[in-house]
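To start, the structure under review is shown below, and the notes come after it.
No value in this document is a laboratory result; all are computed from the given coordinates. Owing to the predicted nature of the structure, the values given are computational and were not obtained by experimental measurement. Every residue, glycine among them, receives a Cβ derived from its backbone with ideal geometry; neighbour counts consider all protein chains shown.
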Amino acid sequence: MTSDLTTEDTVYIIYIAAQPQKVWDALTISEFTKRYFFGRSVESDWKKGSSWMLRMPDGRVDVKGVVREADPPRKLAVSWIVDWIDPKPPEAIVTYEIEDTGNGVMRLTMTESHPTAIPRAWLEGGRKGWPMILSGLKSLIETGKPLGLPTPMPPEGPRK
Amino acid sequence: MNSFVYVTYIQATPQKVWDAITKPDVTRQFWMHTNDSDWKAGSDWRHTRLDGDTVDVQGKVLESDPPKRLIISWFAPHKAANPELHSRVQFDISEHKPGIARLEVSHTDLQPDVLNGVSIGWPQVLSNMKSLLETGKAASMW
């Protein structure tokens, strides 16, 4: 593991022609996430304090955490712990904010923050993934068709 | 010096993405400006409002390899005589998989005030470009 640690945020902003509820649903309902989030499904009741998880297409757990803030359809913040890395990485926080810019266009801002430092390579991994995921979300909502990007698997394979 | 990088994936060919950046008929539909140039290395380019007169940004074409790479200098006209205030924009376009282009826009050598503006502007412009190329309609956020 590299000794180059960082607490930098990753921020990605994308504008989507849709009602805020559509964007919220795309983030929180598996029927949608499976089509743009590398085949992954989500599980939670999306209430503050509830657990949530992200499952790989074969059912293994990819990410788990707790819902820190839920204000549908405007804001969702979750803790984010990648489950298959041993030892488990520190908790990150992923926040989605959905703001109305007028004209029926929403600004979706994804912020991945790191209260505890992580290796820079992990940060770079996230920075490669979010543009694919959120470009796919926008395409799915606006065109009804996902981008269908290939599903990347964890580099060393899940340990459990 | 500051930089801003934005990556997006678009259901389109690299040529369509190149045309969206460089052809006024396409650009005007999502950018509220046209980009005017012959897009040869060494040529000037201008970012012109749809009134056809007002130039908001200008620069030189530094590298041009259609439809894969375009590098331009970028500055407001009143900064033309101050090269130390000029920034640089690099567009890299590739076929991520058949039918899907990956566009990376890397805006470097940015003064802090310009960084603020382009950090807001690029996600709007590129979201709008993606909507236009995929649906035929820009997201009309202006």
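Summary of computed values
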quantity	calculated
Relative contact order (percent, whole number), chain A, Cα cutoff 8 Å, 6+ residue spacing	29
The range A:78-102 and the range B:1-42: distance between their alpha carbon centers, rounded to Å	32
Value at 222 nm in deg cm²/dmol, rounded to 500, when DSSP H runs of n ≥ 4 in chain B each add -39,500 (n - 2.57)	-9500 deg cm²/dmol
Helix-only CD estimate at 222 nm, as mean residue ellipticity for chain A, using -39500 (n - 2.57) per DSSP H run (n ≥ 4)	-8000 deg cm²/dmol
Aspartates and glutamates whose Cα lies under 16 Å from that of B:Lys79, excluding same-chain neighbours fewer than 8 positions away	B:Asp44, B:Asp56, B:Asp109, B:Asp113
Distance between the range A:44-76 and the range B:72-142 - C-alpha centres, whole angstrom	33
Nitroxide proxy distance, nm - points 7 Å out along Cα→Cβ at A:Ser30 and B:Glu63	4.6
Shielding by partners - mean other protein chain Cβ count within 10 Å, residues of A:134-147	4
Gained length - A:Glu91 relative to A:Thr116, 0.36 nm times residue gap less alpha-carbon distance	8.3 nm
Point-charge dipole on Cβ atoms (K/R +1, D/E -1) for the protein assembly as shown, about Cα centre, debye to 20	720
Unsatisfied cross-links (Cα-Cα over 22 Å) in the set A:Lys48/A:Lys75; A:Lys138/B:Lys68; B:Lys40/B:Lys137; B:Lys23/B:Lys130; A:Lys22/A:Lys145	A:Lys138/B:Lys68; B:Lys40/B:Lys137
Of every Cα-Cα pair in chain B, the percent that sits beyond 22 Å	34
Long-range HN-HN contacts of B:Leu62 with modeled amide H, under 5 Å	B:Gly42, B:Ile71, B:Ile72, B:Ser73
